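One structure is given below, encoded as structure tokens.
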Amino acid sequence: MKVVYYSFTGNVRRFIKRTELEDTMEITNATATQKVEEPFILVTGTIGFGEVPPVVQEFLNYNHEYLQGVAASGNKNWGQNFAKAGKLIAQDYNVPLLMKFELHGTQKDTIEFRDKVVNFHEDNGSKVLQSY
């Protein structure tokens, strides 16, 4: 399964690199309108007070039909807004929120995410994907 990610500060990029997943694409201003015509899982950070980054929203405007699930990074110091972008995207596009992780995640987070991506189609029917 393709993993599409956005990394504002580099935390999500480091997280994705540690997963060693091969089929990845980074969302940038240059790729925000690029069509992805295959199923994908989105990983994004959260900005401001729990908001979806504008470039991610722009990307989803073009590609939401292939979105299968979302994971989000954040900082627990933001309390209820921790990784809230993932929750908002999951609600708006009716896809599962696979997980939330802090900053660039722990090794355990990396392993959990990789397992969820690799086994996504098998696990998706169970709806037991949330880890929090």
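The values are calculated or read from the model by the stated rules, or taken from the named source; none is laboratory data. None of the values given here were measured: they were computed from a predicted structure. Quick reminder, even Gly has a Cβ in these numbers, built from the backbone with ideal geometry, and neighbours come from all protein chains shown. Remember, those area values only see protein heavy atoms, side chains included, never the ligands or the DNA or RNA. Shrake-Rupley method; radii C 1.70, N 1.55, O 1.52, S 1.80 Å.
Structural remarks
- Sum of -39500 (n - 2.57) over DSSP H runs of 4+, divided by residues of the chain (222 nm, nearest 500): -10000 deg cm²/dmol
- Solvent-accessible surface of the chain, taken per residue with a 1.4 Å probe and all protein chains present: 54 Å².
- For the chain, excluding the exposed loop sites themselves (trypsin sites (Lys or Arg not before Pro), DSSP loop, at most 15 other Cβ atoms within 10 Å), the longest remaining stretch covers 36-126.
- For the chain, the number of Lys pairs with C-alpha atoms closer than 12 Å, counting only pairs eight or more positions apart or on separate chains, is 5.
- Loop-located chymotrypsin sites (Phe, Trp or Tyr not before Pro) in region 17-79 (DSSP state not H, G, I, E or B) with no more than 15 neighbouring Cβ atoms inside 10 Å: Phe49.
- Phi-derived couplings, Karplus 6.51 cos²θ - 1.76 cosθ + 1.60 at θ = phi - 60°, listed residue by residue for region 107-113: 4, 4, 4, 4, 5, 4, 5 Hz, with x used for Gly and Pro.
- Distance between region 28-45 and region 60-102 - C-alpha centres, whole angstrom: 14 Å
- Antiparallel bridges, percent of DSSP beta bridges restricted to the chain (to nearest 5): 5 percent
- Qualifying GluC sites (Glu not before Pro) for region 6-83 [loop in DSSP, other Cβ within 10 Å: at most 11]: Glu20, Glu22, Glu37
- Solvent-accessible area, 1.4 Å probe, carbon plus sulfur percent, for the chain: 47 percent
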